[in-house]
Protein chains: 2
Amino acid sequence: MSEKPPTVYDVAAHAGVSIATVSRVLRRPGDVREVTRSKVLGSVRELGYVPSASARGLAARRTGVVGVFFPGFDAAWEIPELSDAEDGLVRMVRDSDDSLGQRPPDLYFDAVLRGAELEAWRRGLVLMVGAGRGSDPESVVRDIAGRVDGLVVLARSVPDDLLNAIAHRIPVTLIAGPRRGDNFDHVSVANSEGIRALTHHVISELKVRQLQYLGGPEDSPDDVERYAGYCEALRLAGLDPLALPPLRAGFRRETARELARGLVAAGKLPRALICANDQMALGVLDVLHRAGIAVPDQVIVTGFDGIDSGRASVPTLSTVFQPMETLGREAVRIMADRLDSPDAEPVSKRLPVTVLLRGSSDG
Amino acid sequence: MSEKPPTVYDVAAHAGVSIATVSRVLRRPGDVREVTRSKVLGSVRELGYVPSASARGLAARRTGVVGVFFPGFDAAWEIPELSDAEDGLVRMVRDSDDSLGQRPPDLYFDAVLRGAELEAWRRGLVLMVGAGRGSDPESVVRDIAGRVDGLVVLARSVPDDLLNAIAHRIPVTLIAGPRRGDNFDHVSVANSEGIRALTHHVISELKVRQLQYLGGPEDSPDDVERYAGYCEALRLAGLDPLALPPLRAGFRRETARELARGLVAAGKLPRALICANDQMALGVLDVLHRAGIAVPDQVIVTGFDGIDSGRASVPTLSTVFQPMETLGREAVRIMADRLDSPDAEPVSKRLPVTVLLRGSSDG
DNA sequence: CTGAAAGCGCTAACAA
DNA sequence: TTGTTAGCGCTTTCAG
């Protein structure tokens with residue numbers, strides 16, 4: 001399938017120049033006379049020369065690669081082996097919600113990754129992705145750390161000490177989560193401010209005084225911020241955040257569904273349910289719909305994230321849009337700047353959000 | 001921020017061994033006596049040693065990295081500069097559909113990428129991603145090609161000649177699109193079979209005889225396959241695929257909306273609209289809903305892909321689910337195998353799809 | 001504008 | 001079991 005790949009030496013020989021000239025043609029074409037350059041480029045094409053990034057990285061001490069490390073919520077053992085079963089090419093099911101053997105998509109990381117890739121491209125960088133899974137992020141992170149010029153880390157996917165060790169060698173940019181010391185650059189979104197504004201709207205415009213919070217995992221920094229924003233809005237209105245205790249559904253649609261069914265069955269629905277993300281809000285919406293409970297007339301539901309499905313739901317979902325893609329872009333932008341000027345002051349940027357008032361609150 | 005990173009030499013000196021031993025400890029710990037090993041590992045930790053992947057790749061001639069290259073539908077000039085404007089952290093809008101300055105998410109690539117990452121992790125590989133954008137995929141592909149042991153390429157994101165040049169050096173696995181020669185391994189999904197089954201269901205179970213196809217770009221290989229499947233089902237039933245000419249909306253929701261509005265206005269709605277992807281189907285559904293046209297009673301609508309929004313729409317969307325994540329996983333799996341045995345026969349795998357009969361056809 | 005030569009940090013025979 | 005040594009393919013002074 002492949003013979004020995006040509007190297008600079010081959011190209012140099014073929015073009016009748018030195019390897020230094022070949023290198024120049026590729027890196028700073030302006031430094032080479034036109035005729036020489038085109039001669040070299042001719043050889044490059046003819047031989048199908050592809051420079052070895054390893055050699056280049058070794059010699060130049062920079063790889064042009066930025067690593068992106070994000071938490072993998074899939075425990076290793078939950079990932080099914082790829083099966084080789086062949087039951088024909090088409091299966092047919094009625095109204096199957098899931099059972100497709102697919103895990104729910106993680107819109108958030110996907111979007112961040114897309115943004116990161118986008119900005120990397122604009123900056124002439126390449127992206128290397130890794131996820132923390134199972135018990136030992138350490139090996140993966142080290143593995144990636146040796147390959148890249150800088151590392152972008154999502155939320156709390158890497159333990160502090162490891163992070164510090166890495167930051168000692170290459171710049172690290174943190175996405176989301178709390179700011180951790182000022183060894184790192186940091187990008188976040190206005191979590192608390194956003195949900196506070198939305199909650200405030202529900203209270204003062206829609207005249208609701210009985211609200212309940214539906215949160216994700218308590219150890220999620222995002223959830224912590226959002227809950228704080230929620231509480232703040234209530235207190236500002238003279239309401240007690242603990243009048244109705246916060247509910248938890250781990251950011252997951254299915255879990256929220258079960259929880260909502262429970263509330264319906266018990267007749268304990270609040271006048272407004274402020275959810276910490278869209279997935280949960282959609283689950284709730286779905287259950288209420290089936291139970292014949294009118295949204296927003298009987299119950300107001302809001303989400304957070306601004307995922308696409310919230311535009312297709314009935315009613316459409318009021319939510320706080322967070323610019324996930326921009327989050328990724330901004331992180332890489334900051335990283336690129338950092339690589340250019342390693343000694344500049346650490347940067348911390350907070351991105352604005354947009355409250356989207358739609359059918360589930362302002363129908 | 002960082003001093004000179006320690007190398008094998010530093011570790012060797014610190015541990016009082018040779019660099020070869022350090023290398024062994026890291027690569028084949030079994031070949032080293034226990035005491036030596038722990039001494040070395042101690043030094044590694046103490047010095048915060050991180051091996052250079054460049055040097056390693058150069059010496060070992062393999063990088064442990066798989067590249068994934070996918071088409072970027074964003075023309076470069078359409079990507080807005082990241083703005084530094086600060087108009088406060090919260091903005092508030094009513095019922096804004098878009099205007100969020102975000103491009104529509106590309107669920108398909110996201111899912112494929114996620115699957116690829118997953119399988120790469122299981123195989124101890126790292127993923128490097130790049131997108132073709134603007135006029136010149138060549139430079140990016142070359143750039144990536146030099147960094148990886150193998151390249152996974154989505155659909156037609158890379159011109160044939162370039163692809164051949166690359167395949168000459170490193171293994172290439174194609175995802176989706178037509179099979180292109182047998183220099184390459186290839187994974188695809190049962191596009192035509194899936195849509196044929198769904199169309200057949202609409203015709204023979206739902207007794208519909210007036211169908212119309214709503215396709216994507218004509219040069220999309222996926223669309224070509226899907227259209228073929230559609231036609232086949234019609235012919236099998238003795239219907240003329242061209243009785244109603246195929247419509248085109250470039251796989252985009254917005255475009256499909258406009259088109260649907262046109263059909264409604266002209267009173268030219270067919271009894272069933274078979275859409276080549278979910279985004280378009282959702283656009284149609286939305287327009288019909290607003291126009292007060294009953295789905296599926298007056299018009300049946302079907303999609304293709306099985307994206308999440310199709311479960312939240314009203315009615316829920318009948319569609320053909322394609323295992324996008326599995327597509328990515330399978331591609332990396334094949335690549336990993338290929339790296340292990342470069343001279344095995346080229347592989348071509350077709351993944352099964354699932355027809356999901358939901359509200360928009362079988363309400 | 002071009003060439004010669006010295007590494008970059010690591011792996012993999014081969015010796016010991 | 002461990003050490004020696006010869007590259008891997010490229011960038012980058014420094015001369016010319």
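Just so you know, all these numbers are worked out from the coordinates, no wet-lab data involved. Predicted model only: the values in this text are computed from it and were never measured. Cβ: placed from backbone, ideal geometry, glycine included. Neighbour counts: every protein chain shown.
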Label points for A:A237 built 7 Å along Cα→Cβ; distances to same position in the other copies, nm, shortest first, come to 5.2
Round to a whole angstrom and tell me the spacing of the C-alpha centers of the stretch A:242-263 and the stretch B:267-336. 29
Using +1 at the Cβ of each Lys and Arg and -1 at the Cβ of each Asp and Glu in the stretch B:265-363, identify which of B:G283, B:P315, B:Q298 lies farthest towards the dipole's positive end. B:Q298
Using a cut-off of under 11 Å, list every residue of the stretch A:25-39 whose amide N is near the label point 7 Å from the Cα of A:E46 along the Cα-to-beta-carbon line. A:39
Answer rounded, prolate or oblate for chain B, using the Cα gyration tensor with square roots of eigenvalues a ≥ b ≥ c: rounded when a/c is under 1.5, else prolate when a/b is larger than b/c, else oblate. prolate
Based on the Cβ-Cβ distance of B:H168 and A:Q298, what FRET efficiency does E = 1/(1 + (r/R0)^6) give at R0 = 45 Å, to the nearest 0.05? 0.10
For B:164-171, what's the mean count of beta carbons from other chains sitting within 10 Å of each residue's beta carbon? 4
Antiparallel versus total DSSP beta bridges in chain A: what percent is that, nearest 5? 10
Could you check the spin-label model distance between A:R350 and A:R261? Points 7 Å from the Cα along Cα→Cβ, value in nm. 4.0
A correct Karplus calculation of ³J(HN,Hα) over the stretch A:331-340, with 6.51 cos²θ - 1.76 cosθ + 1.60, θ = phi - 60°, whole Hz and x for Gly and Pro, returns 4, 6, 4, 4, 5, 4, 4, 4, 5, 6
Lysine pairs meeting the criterion (Cα under 28 Å, 8 or more apart or interchain), as found in the protein assembly as shown: 4
Mind pulling up the Rg/Rh value for the stretch B:251-299? Radius of gyration and Kirkwood radius, both on Cα. 0.92
Restricted to the stretch A:207-357, the DSSP antiparallel beta bridge percent, nearest 5, is 20
Per q in 0.05, 0.10, 0.11 1/Å, what log10 I(q)/I(0) does a Debye calculation on the alpha-carbon atoms of the protein assembly as shown return? -0.27, -1.07, -1.25
Between B:E81 and A:R290, how high is the FRET efficiency from 1/(1 + (r/R0)^6) when r is the Cβ-Cβ distance and R₀ = 35 Å? Nearest 0.05. 0.15
In Hz, Karplus ³J(HN,Hα) per residue of the stretch B:269-276 (6.51, -1.76, 1.60; θ = phi - 60°; x = Gly, Pro): 6, x, 6, 9, 10, 9, 9, 7
Using a Gaussian network model on chain B with a 10 Å cutoff between Cα atoms, which of B:V208, B:V90, B:V353 fluctuates the most? B:V90
Gaussian network model of chain A, Cα within-10 Å springs - most flexible of A:L41, A:L125, A:L351: A:L41
Just to be sure I follow the definition: excluding the sites themselves, where is the longest run in chain A that has none of the GluC sites (Glu not before Pro) in a DSSP loop with at most 11 other Cβ atoms within 10 Å? A:219-363
Alpha carbon centre of the stretch B:344-363 versus the stretch B:163-197: separation in Å? 17
With the Cα gyration tensor of the stretch B:131-258 in hand, give its eigenvalues times 5 under a square root as the equivalent ellipsoid semi-axes, listed largest first in whole angstrom. 36, 17, 10
If amide hydrogens are placed 1.01 Å from N in the peptide plane, which non-local residues have theirs closer than 5 Å to the one on B:A190? B:L351, B:V353
Theoretical gain in end-to-end length, B:L206 to B:A13 [0.36 nm per residue, Cα-Cα removed]: 61.7 nm
The stretch B:223-325: C-alpha gyration tensor shape, a/c 1.5 cut-off, then a/b vs b/c: oblate
Determine ³J(HN,Hα), in whole Hz, for all residues of the stretch A:23-32 in sequence, where each value follows from phi through the Karplus function 6.51 cos²θ - 1.76 cosθ + 1.60 and θ = phi - 60°; x replaces Gly and Pro. 4, 4, 3, 7, 9, 10, x, x, 7, 10
